[in-house]
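What follows is a set of notes on a single structure, which appears directly below.
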Amino acid sequence: MDNQDEEVHQPQEVYNQKNSEEYKEIESQWIVIQNELKTKHITHDQIDWVIPNNNNNSNSTSTSTTTSTTLKYVGGVDISFVKDNDEDACASLIILEYPSLKVVHKEMEFVKLDLPYIPGFLAFRECPSLTRLIDRVKTQHPRFYPQVLLVDGNGFLHPRAFGLACHLGVLCDLPTIGIGKTFFHVDGLDTKAVKTAFSQQCKQAGDHYDLTGDSGTVWGSAVLSHINSKNPIFVSVGHRLSLASSLQVVQACTTSNRIPEPVRQADLLSRDFIRKNYKPSPIPSPTTTTTATTTSTTTTNE
């Protein structure tokens, strides 16, 4: 469990001008935006679906007060970088059908992430590309619009309790869950202590250890997602879901691998897309009006 910020999305050369006026000005502007978005942040269940319980053919417990349907479409998002390149990347949104967890739709796009990477502000670098894919599904393939989105990056487990999963969820008004692969230090939480507690308390798939900081705040959970996994994943609240419901969704979407299928497929398919399609030529910046190389694929008939 490494002390890395908000996942492995950071470029190989992290923005180093931390003491420069430019850095301070950008950070100040982004904090203002984060604080504005946080006023819309919802950390309890605000959903109209439940997860079917395959064991007894009844619905699992849910704190949703407006339940009208069962969970059918789950999304996963990820951004994979081209090898030895800090800007050229592939943004991916993969839609899986629940409970089969079969991929039914995918959106992928080459993007150039030319904004600086500043620790704690990953969302400003990645959200524009991801929101574009989400909006595309909403307008062009509404049948497959996800009911919940698993994000390869932290949510509430963040210095200002508003990581990528929170930011993206608020912007798109979607229930989101943060999936971290590496531990994030916050509120006095210590890597060694967390690792020890996790190994002592988590023995079976689905077991979790709550990440409670010095303030008493529960920032997320270290989860043993698969019995054969030695390392936890770090689940945190994104938007419109409680931590308890987030843990339930994550376990329901985990099969024989450590990483939940929506995020795993988004990662695998984006890397495959890069291998098959990337050419070392200029990729338009998301801030330009030029359309980047994209693909949209549905594996079932609409």
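Read-outs: derived from the displayed coordinates by stated rules, not from any lab. Quick caveat: nothing in here was measured; it's all calculated off a predicted structure. Glycine also receives a Cβ, built like all others from the backbone with ideal geometry; neighbour counts cover every protein chain displayed.
Separation of the range 101-122 and the range 164-227, taken as the distance between their Cα centroids, equals 22 angstrom. The orientation-averaged shadow of the Cα convex hull for the range 21-298, equal to a quarter of the hull surface, comes to 15.7 nm². Taken along the Cα-to-beta-carbon direction at a fixed 7 Å, the label points for D135 and T39 span 2.2 nm. Spin-label pair N257-S215: with each label point 7 Å from Cα along the Cα-Cβ axis, the two points sit 3.5 nm from one another. Here is the tail figure for the range 97-240: Cα pairs spaced more than 26 Å apart come to 31 percent of all pairs. Spin-label model, S100 to D187: label points 7 Å out along the Cα-to-beta-carbon direction sit 4.1 nm apart. Expressed as a rounded percentage, what relative contact order does the range 21-298 have, with Cα pairs under 8 Å and six or more residues apart? Computed value for the range 21-298: 22 percent relative contact order. Taking other Cβ atoms within 10 Å as a rough exposure proxy, H105, H141, H41 sort from fewest to most as H141, H41, H105.
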